[in-house]
Amino acid sequence: MLYSNASEWRDSAAKRVVLFAMSGLGKTHVSNLLRDNGDWFHYSIDYRIGTRYMGEYIADNAKREAMKNPFLRDLLLSDSIYIGSNISFDNLTPVSTYLGKPGNPDLGGLPMAEYRRRQEQFRRAEMQALLDTQYFIDRAENLYGYPHFICDTGGSICEWVDPADPGDPVLTALSKAALMVWIKGDEAHTQELVRRFDRAPKPMAYQPEFLETCWTGYLDESGCSEAEVDPDAFIRWTYAKALAHRQPLYQAMADNWGVTVDAQDMATVRDSSDFDAVISAALDGATKAG
């Protein structure tokens, strides 16, 4: 690890961290707190995906819908209007909207073949955005003068890596650049995430093999054809399974490549001093365990 013990962390003039966890466990909240502190550069993987690697896909999808309207079609073809996505750290909706949900097109669903295509686009985009971490560390320091750096990853990071492989290219690059920190939720957090997702189901990215297993299982259980599937019903059905699927992957990432911080401890962070203390405790725990 970049910092082998708590003392190295506390004494470092350049603290660098990669946070990973399920969405909803505080990665972005803590990153925003540290950014507001003034000394931390906040690198959002989802923002990078939406602006650098999927921005054209997102804009073209919006243009495709606009072309169905004769009035907007004429304006687009004459370059009289511009269509783009208004992505920000606080509004990443264009990315999830493009990713979409499979199922009945009358309910906003995508054909499964198109859904798989977009999933693959997102996989490539997320992996590249993760590999850009060192570039942004250097950029934050050399261009803007930030001494500290926090990478706020998406929940699907674990879908594209093999934490048991010591040569995994993404995890190798990240662990060389920064300290990898898993924000670990407990059963109460899991139940709350499921309740929250049930109220407002949002598109997710899945490992292809996991997606195929869930899709086949849902079709068998529901008796629906692909075109009959309620998109929200499918992703609700899949969400709890996705949590269970990701938990051991996150655990292996923390065990083999970083440290673990309980979500309830991370929730106590109010400023950079609190964050330093929480990370120090995690490094102390990892040192004792080792």
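The values are calculated or read from the model by the stated rules, or taken from the named source; none is laboratory data. Note that the coordinates shown come from a computational prediction; the quantities given were computed from them, not determined experimentally. Cβ atoms come from the backbone with ideal geometry, glycine included; neighbour counts cover every protein chain shown. Just so you know, the surface numbers come from the protein's heavy atoms only, side chains and all, with ligands and any DNA or RNA stripped out. Shrake-Rupley method; radii C 1.70, N 1.55, O 1.52, S 1.80 Å.
Odds and ends about this structure:
- Single unsatisfied condition, residue 74 versus (1) closer than 30 Å to residue 216 by Cβ; (2) open to solvent by 60 Å² or more (accessible area, probe 1.4 Å); (3) of a type in the set (D, E, K, R): (1)
- Scanning segment 84-112 for residues that are exposed (fewer than 15 other Cβ atoms within 10 Å of the Cβ) and over 25 Å from residue 151 (Cα atoms) yields 84, 105, 106, 107, 108, 111.
- Residue match in segment 33-47 (condition: farther than 24 Å from residue 142 by Cβ and hydrophobic (A, V, I, L, M, F, W, C)): yes
- Filtered residues of segment 54-71 (kept if farther than 30 Å from residue 194 by Cβ, of a type outside the set (A, V, I, L, M, F, W, C) and open to solvent by 20 Å² or more (accessible area, probe 1.4 Å)): 56, 60, 63, 64, 65, 68, 69, 70
- Residue tally, condition open to solvent by less than 50 Å² (accessible area, probe 1.4 Å) and in a helix (DSSP H, G or I), over segment 27-45: 7
- Scan of segment 140-152 for residues that are open to solvent by 80 Å² or more (accessible area, probe 1.4 Å) and either in contact with a Cys (Cβ under 8 Å, 6 or more places away or on another chain) or part of a helix (DSSP H, G or I) (or both), ordered by number: 141, 142
- Filter result (open to solvent by 10 Å² or more (accessible area, probe 1.4 Å) and within 14 Å of the chain's Cα centre (by Cα)) within segment 1-26: 22, 23, 24, 25, 26
- Where residue 115 falls short, out of the listed (1) in a helix (DSSP H, G or I); (2) under 22 Å from the mean Cα position of the chain (by Cα); (3) free of Cβ contacts under 8 Å to residues at least 24 places away in the same chain; (4) surrounded by fewer than 18 Cβ atoms within 10 Å (Cβ to Cβ): (4)
- Qualifying residue in segment 155-170 (condition: more than 15 Å from the chain's Cα centre (by Cα) and within 19 Å of residue 35 (Cα to Cα)): no
- Within segment 194-290, helices (runs of 4 or more DSSP H) holding 3 or more residues that are open to solvent by less than 60 Å² (accessible area, probe 1.4 Å) and not basic (Lys, Arg): 208-222, 231-257, 272-289
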